[in-house]
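Structure first, commentary second.
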Amino acid sequence: MAPVFAHGALRLYLLFLLESGPKHGYELIKALKDRFGGTYSPSAGTVYPRLGKLEEDGLVATEPAGRRTNYRITAAGMAELDRRREDLAGIENDIAASVQRLSGALRQDIRKSVRELRTDLAAAAEAARTAALSAAAQPGAVRPAARRGQLLREAELLLQDFRDELRADLRRQALHHPISPLTVATMRSALDQARADIRETLQP
């Protein structure tokens, strides 16, 4: 994948983000993620070394803020930012292009995941139908009414297990990081398609 920021661009953009006031590292990472609409989130290993270099160059300074360390832009940093306003406008254009490119790639990934999910669901439905027909043909098979009750309970248990496991995954994620718009969009797309595929197996 092509780099999101050209050489030196992230350094300048961090100064721009600090222009509005002091921020700690996580706030800067979140601001970048928000600017990209959730399609890109820089790692701490990407952001903090650049903040350290900006501090070495006297363009930012640090100050304690409880258990965190805030970064604030210095007079020299403001002078650097003012001198490179035209470069900053170019970075904003590059970000807009990157968001469009990354969104396209994510949409392709989502479509691929949905296609794979549809294939898996269709295979599972066919296997279930085959197993049901095979069981019904066996001597001493469970009576149709009883078998229908068993299948209904099994379907409901599968649905409950899926719901409980996914809810637990989402809550574990939310303890450490916010749920991204991409996650919600993927869930909506995949679940809508899964519902449609399952309903196709139901008799009117």
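Read the figures in this text as sums done on the coordinates, not as results from a lab. Predicted, not measured: the structure shown is a model, and the values here were computed from it. Backbone-built Cβ (ideal geometry, glycine too); neighbour counts: all protein chains shown.
Summary table below
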item: Peptides ranked, highest mean first, by Cβ atoms within 10 Å: ranges 22-30, 176-184, 195-203; result: 22-30, 176-184, 195-203
item: Shape category assigned to the range 149-204 from the gyration tensor of Cα positions, a/c cut at 1.5; result: oblate
item: Three-way shape label, the range 39-90, alpha-carbon gyration tensor, a/c 1.5; result: oblate
item: Reach of Lys23 by Cα under 17 Å, taken over aspartates and glutamates that are not fewer than 8 positions away in the same chain; result: Asp34, Glu55, Glu63
